[in-house]
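The structure appears below as structure tokens.
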Amino acid sequence: QVQLVESGGGLVQAGASLRLSCAASGRTFYTYVMGWFRQCPGKEREFVGYISRSGGTNYADSVKGRFTISRDNAKNTVYLQMNSLKPEDTAVYYCAVNPAKYGSSSWRGDYWGQGTQVTVSS
């Protein structure tokens, strides 16, 4: 069982930056692909990006160039640096272990965090 704890969310104005953290329990963090997702009320969970075991990254078009995912295996932590935030980035942000896509837009993961709220005001 892996526990994930997200932190760093908050209320910011448009154009600001935030850095989210996701701390994982256990000793095998370095073997995981780590993903970030977000969800607005009444909407499906949306892919934000992921970082591979070797540090390669992939992002949704909506955040490409503004968001950066990194990881610190010594701290069992993955980060989501969010710059130039927009009101449409408002959501609960989740991290996940080994995310995998199924269907056209659905995702599953081995483990999920509890989420952290990000609110961007205009």
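Test of understanding: what is the full-extension gain from residue 40 to residue 73, defined as 0.36 nm times their sequence separation minus their Cα-Cα distance? Let's see the in-between values first.
Details: separation 33, 0.36 × 33 = 11.88 nm, distance 2.95 nm.
Stretched fully, the residue 40-residue 73 segment lengthens by 8.9 nm.
Between residue 11 and residue 104, the distance separating the two model label sites (each 7 Å from Cα on the Cα→Cβ line) works out to 3.7 nm.
Accessible surface computed residue by residue for the chain, with neighbouring protein chains in place and a 1.4 Å probe, gives 52 Å² per residue.
Other residues within the sphere of radius under 15 Å centred on the Cβ of residue 63, judged by their own Cβ, net out at +2 (K and R +1, D and E -1). Express the carbon and sulfur contribution to the solvent-accessible surface of the range 24-107 as a percent, rounded to the nearest whole number, probe 1.4 angstrom. Roughly 47 percent, rounded to a whole number. For the chain, set up a Gaussian network in which alpha carbons nearer than 10 Å are linked by springs, and say which option among 57, 77, 28 fluctuates the most. In this elastic network of the chain, the residue with the biggest mean-square fluctuation among 57, 77, 28 is 28.
Counting only aspartates and glutamates at least 8 places from residue 64 when in the same chain, those with an alpha carbon closer than 16 Å to its own are 46, 88, 89. As a length-normalised measure over Cα pairs under 8 Å and 6 or more apart, the relative contact order of the chain settles at 35 percent. If a spin label sat at a point 7 angstrom from the Cα of residue 2 along the line to its beta carbon, the backbone N atoms of the range 81-103 nearer than 13 Å would be those of 95-100.
Placing R0 at 41 angstrom, the Cβ-Cβ distance between residue 27 and residue 88 gives a FRET efficiency of 0.60 after rounding to 0.05. Derived value for the range 9-110: Kirkwood hydrodynamic radius 14.0 Å. Basis is the mean of 1/r over every pair of different alpha-carbon atoms. Among the cysteines of the chain, 40 have no other cysteine beta carbon within less than 4.7 Å of their own.
The values are calculated or read from the model by the stated rules, or taken from the named source; none is laboratory data. All of these numbers come straight from a predicted model, not from anything done at the bench. Cβ sites come from the backbone with ideal geometry, for glycine too, and all protein chains shown count toward neighbours. The accessibility values were calculated without ligands, DNA or RNA, using every heavy atom of the protein model including side chains. Shrake-Rupley method; radii C 1.70, N 1.55, O 1.52, S 1.80 Å.
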